[in-house]
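Here's the structure we're looking at; comments come further down.
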Amino acid sequence: MAFRWVDAPLVLPPGLRWGTWLIRRHGRTSPSTGSNQSVDGLSLFLIVPTQEATTMTRNMRTTKLYAMLAVLALGIAALLTPSGRTLADDAAPEHGVSFDGTGSFAVVDDAAPFDLDAFSIAAWVKMQHTSGSQVFVNRGTAGGLFTLYLFDGNVRMLVEYADGRYTHANIPAPPANRWVHYLGTYDGQQIHLYQDGELVGSTAAAGRIPRSDEPLYLGALGPDTRVLDGQLEDIRIWGRALSAEQAAQVAHGDAAASLQEGLVAHWQSTNLDEKTWTGAFDGAPVAVYRQEGQVVIADQKYPGYRGIWFTLGQFREYGDKYSGGLGTYTANHVPIAIHVPEVEKTFFVYGGSRGGERYLLAMVSYFDHSTGMVPQPTIVHDKQGIDDPHDNPSLTIDEHGHLWVFISGRGRSRPGFIYRSLEPYSTDAFERVYRGEFTYPQAWWVDGKGFFHLNTKYTRGRELYFETSEDGRTWNEPVKLAGMRGHYQVSNQYGERIITAFMRHPDGSVDRRTDLYYAETRDMGRTWHAVDGTPLELPLEDVNSPALVRNYEAEGRLVYINDTVLDADGHPVIFYVTSALYQPGPPGEPRYQTVARWDGQAWQFSEVTRTTHNYDVGSIHIEDDVWRVFAPAETGPQRWGTGGEVAIWRSEDHGNSWTKERDVTRDSPTNHHYVRRPVNAHDDFYAYWADGNPDELSPSYLYFANKKGDRVWRLPYTMDEESARPELLAR
């Protein structure tokens with residue numbers, strides 16, 4: 001039974017002003033005015049005497065009239081809300097399926113029934129609290145496909161109506177520990193959100209959800225992610241948008257035959273048998289109910305520093321596209337090392353291996369500058385047989401000293417994970433706090449604001465996104481930064497200033513990566529601008545955006561970004577490799593280590609040196625007027641393979657000209673790869689990298705060097721004790 005606004009004018013005796021009886025649902029706001037009192041969710045606007053009538057209060061007949069009117073009002077209220085229940089309470093369940101807010105969820109892996117042009121989602125929901133983000137029904141990653149959920153004090157019905165574009169209808173969250181019925185519909189034009197059978201929110205969203213094989217989750221966004229702390233009951237999904245009348249029927253428990261039309265899924269608590277949640281009708285999809293819980297890694301050490309060896313397997317005449325010791329891969333995982341002066345330690349992460357096998361372990365450790373020692377590294381996450389260093393970790397440290405390890409996923413096939421150290425400035429134990437979709441993690445801690453996380457999601461190719469979080473556990477919805485069919489980016493942080501440089505992938509092809517772009521934000525992503533201050537409207541989709549630094553496509557050149565920094569004047573500097581072809585060997589010549597620098601008026605470009613491979617990744621350091629490039633750009637023992645010998649190039653004229661300062665490595669048995677710059681680099685831990693043979697499986701060692709490049713240390717491959725001193729290599 002549904003109620004509408006009812007205005008019933010009363011003919012009043014002299015001395016009383018006109019009033020209105022007003023009946024409203026709990027939580028609705030009346031357009032009327034007057035004195036009111038709340039009775040069981042109804043507002044009764046009472047008749048009050050005028051000033052002239054107050055002198056009549058001694059008249060018994062007037063007093064009796066007031067009493068009769070009050071009794072009449074309460075009688076109407078009692079008839080409309082028997083037993084003091086809210087309007088939907090008669091249909092509310094007594095109990096449902098419980099979710100614990102941490103690790104329980106249900107999943108339907110077969111996505112075919114939910115690939116719909118139009119749909120409706122309904123569920124009874126009872127939340128233990130209304131804080132954070134809690135998902136009731138979801139398909140896709142955050143901001144993708146569709147989600148019915150609680151976020152930031154509102155219940156939302158979200159729909160991704162086009163690739164990478166989403167919107168939502170909203171309603172303020174109800175009180176905790178109360179059963180509420182929610183129903184969201186989408187007809188290809190509008191999103192409607194109903195609460196207890198009444199339409200409470202709508203928004204335009206012309207389009208269709210993208211086709212996808214993403215599973216359906218009940219009670220969570222995904223495993224361990226945005227899990228409901230409460231109960232669900234009577235979950236239904238239709239392959240059509242229900243009408244307002246049908247939404248009310250569902251909420252009030254009507255069994256109309258029309259509600260069976262287009263019903264594709266239905267789950268009730270009575271159908272849950274331990275882990276199997278069968279559908280409520282023959283042929284309905286079956287969900288699997290799981291309780292996985294959070295994972296705490298407690299002091300799981302590994303006796304030595306062994307990097308991951310990898311080959312992409314795209315071989316040409318001159319070898320693989322890239323391969324070798326890739327423990328510090330990729331340039332798009334930043335930061336991977338951070339020096340903390342307060343504790344005299346440089347913390348670092350890397351892609352490790354088990355016993356030198358092609359078996360990836362996400363590792364974390366530190367170098368203690370006060371003792372010159374390193375402890376046995378900690379296994380933060382075992383990738384369970386994955387050998388791909390695209391899943392390598394990155395690192396950030398919050399203002400309280402907790403280490404946060406962001407372990408990359410790979411597209412939508414492998415999730416990413418976030419771990420937090422249990423103690424400040426400690427690598428002994430970590431707790432897993434988040435699981436979700438992100439690749440190439442670049443997380444920066446902004447004091448007083450929280451995390452700013454730039455990353456990649458595989459929407460229309462490898463597109464750039466960012467997310468923010470105050471606590472690292474609950475994240476705001478992802479915002480697309482750039483969507484030109486694919487990008488790779490390298491970012492950096494200076495206080496509240498976040499800078500990023502990226503290229504694009506024409507038609508989604510990573511082998512055609514070209515053009516160079518720059519963008520920055522100074523307010524946690526609320527606004528973005530180009531280097532000259534021109535405002536940028538997100539997402540960046542025009543290849544000729546004001547963010548464009550140089551049109552390399554017109555020059556027939558490919559772009560491989562290595563590093564991004566600011567100079568002493570606060571102007572951005574981008575370090576990258578340009579090439580003629582994505583394949584290794586002479587066909588890609590000439591290849592240049594290149595610097596793009598903003599001089600306050602225009603971008604200036606200079607070539608640091610020639611190099612032999614597209615993935616000869618190095619880094620740039622700027623201290624006042626001295627600029628240094630550390631890169632494996634000298635020819636190594638595997639001439640056309642990834643990496644080479646490490647050297648330093650120096651400029652003292654703001655990057656206009658470069659000279660080689662020194663060789664850092666020489667006569668090495670295998671190539672050196674991915675020379676990375678620590679944040680706040682200490683003079684004795686100024687560059688950090690791995691080695692390995694790009695032509696065949698080999699051990700991979702990890703190294704660091706001082707600022708002058710005249711001292712190189714190798715981390716111990718095998719450790720018999722809890723700590724050891726890195727080996728200073730002879731020169």
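Some points to look at:
- Strands (runs of 3 or more DSSP E) fully within segment 551-661 that include at least 1 residues being in the same structural domain as VAL510 (by TED's automatic domain parsing), of a type in the set (Lys, Arg) and farther than 21 Å from ARG676 by Cβ: 603-611.
- Of the strands (runs of 3 or more DSSP E) lying entirely inside segment 167-281, those carrying at least 3 residues that are among the aliphatic types (A, V, I, L, M) are 198-204, 229-238, 263-267.
- Count of segment 570-606 residues which are closer than 19 Å to THR635 by Cβ, aliphatic (A, V, I, L, M) and touching a Phe, Trp or Tyr at 6+ places or on another chain (Cβ under 8 Å): 1
- One residue stands out in segment 307-330 among those that are part of a loop (DSSP other than H, G, I, E, B) and out of contact with any Pro (no Cβ under 8 Å at 6 or more places or on another chain): the one that is nearest to LEU715 (Cα to Cα), namely THR328.
- Candidate set from segment 635-651 (those that are polar (S, T, N, Q) and buried (at least 19 other Cβ atoms within 10 Å of the Cβ)); member that is farthest from ASN693 (Cα to Cα): SER651
- The number of residues in segment 490-511 being closer than 19 Å to LEU566 by Cβ and assigned to a loop (DSSP other than H, G, I, E, B) comes to 2.
- Within segment 523-550, tally of residues that are under 19 Å from PRO478 (Cβ atoms) and either assigned to a strand (DSSP E or B) or among the hydroxyl-bearing types (Ser, Thr, Tyr) (or both): 4
- Leading residue by the ranking (surrounded by the most Cβ atoms within 10 Å (Cβ to Cβ)) among those in segment 402-428 that are farther than 30 Å from TYR458 by Cα and without any contact (Cβ under 8 Å) to a residue 60 or more places away in the chain: SER426
- The residues in segment 404-421 that are part of a loop (DSSP other than H, G, I, E, B) and at pLDDT 95 or above can be counted, and the count is 1.
- Filter pass, LEU536 being within 27 Å of the chain's Cα centre (by Cα) and modelled with pLDDT of 95 or more: yes
- Test result for ASN693, touching a residue at least 60 places away in the same chain (Cβ under 8 Å), surrounded by fewer than 23 Cβ atoms within 10 Å (Cβ to Cβ), touching a strand residue (DSSP E or B) at 6+ places or on another chain (Cβ under 8 Å) and within 20 Å of VAL334 (Cα to Cα): no
- Scanning segment 468-489 for residues that are under 15 Å from ASP515 (Cβ atoms), of a type outside the set (Phe, Trp, Tyr) and in a strand (DSSP E or B) yields ALA482, HIS487, GLN489.
- Just one of the numbered conditions (1) surrounded by 15 or more Cβ atoms within 10 Å (Cβ to Cβ); (2) of a type outside the set (A, V, I, L, M, F, W, C); (3) touching a strand residue (DSSP E or B) at 6+ places or on another chain (Cβ under 6 Å) is not true of LYS275: (1).
- In the set GLY483, GLY472, only one residue is in contact (Cβ under 8 Å) with a residue 60 or more places away in the chain and within 18 Å of LEU538 (Cβ to Cβ); that residue is GLY483.
- Scope segment 140-159; condition modelled with pLDDT under 95 and either under 18 Å from ARG211 (Cβ atoms) or not assigned by TED's automatic domain parsing to the domain that holds ILE235 (or both); matching residues: GLY140, THR141, GLY143, GLY144, LEU145
- Pick from segment 522-535, criterion in contact with a Leu (Cβ under 9 Å, 6 or more places away or on another chain) and surrounded by 15 or more Cβ atoms within 10 Å (Cβ to Cβ), ranking: nearest to PHE452 (Cα to Cα): GLY525
- Counted residues, segment 579-620 - those being within 14 Å of THR564 (Cβ to Cβ), buried (at least 19 other Cβ atoms within 10 Å of the Cβ) and of a type outside the set (A, V, I, L, M): 5
- Failed criterion for ARG208 (all others in (1) surrounded by fewer than 22 Cβ atoms within 10 Å (Cβ to Cβ); (2) of a type outside the set (Ser, Thr, Tyr); (3) more than 24 Å from ALA112 (Cβ to Cβ) hold): (3)
- Any hit, segment 456-467, residues being free of Cβ contacts under 8 Å to residues at least 60 places away in the same chain, assigned to a loop (DSSP other than H, G, I, E, B) and either farther than 21 Å from ALA162 by Cα or in the same structural domain as HIS333 (by TED's automatic domain parsing) (or both): no
- The set of residues in segment 148-201 that are β-branched (Val, Ile, Thr) and surrounded by 21 or more Cβ atoms within 10 Å (Cβ to Cβ) comprises VAL155, VAL159, VAL180, THR185, ILE191.
- All positions within segment 662-680 that are surrounded by fewer than 22 Cβ atoms within 10 Å (Cβ to Cβ) and either touching a helix residue (DSSP H, G or I) at 6+ places or on another chain (Cβ under 9 Å) or among the hydrophobic types (A, V, I, L, M, F, W, C) (or both): VAL679, ASN680
- Only listed residue being surrounded by fewer than 24 Cβ atoms within 10 Å (Cβ to Cβ) and in a strand (DSSP E or B), chosen from TYR289, TYR350: TYR289
The values are calculated or read from the model by the stated rules, or taken from the named source; none is laboratory data. The shown structure was predicted, so the numbers you read here are calculated from the model rather than taken from an experiment. We place every Cβ from the backbone using ideal geometry, glycine too, and count neighbours over all the protein chains shown.
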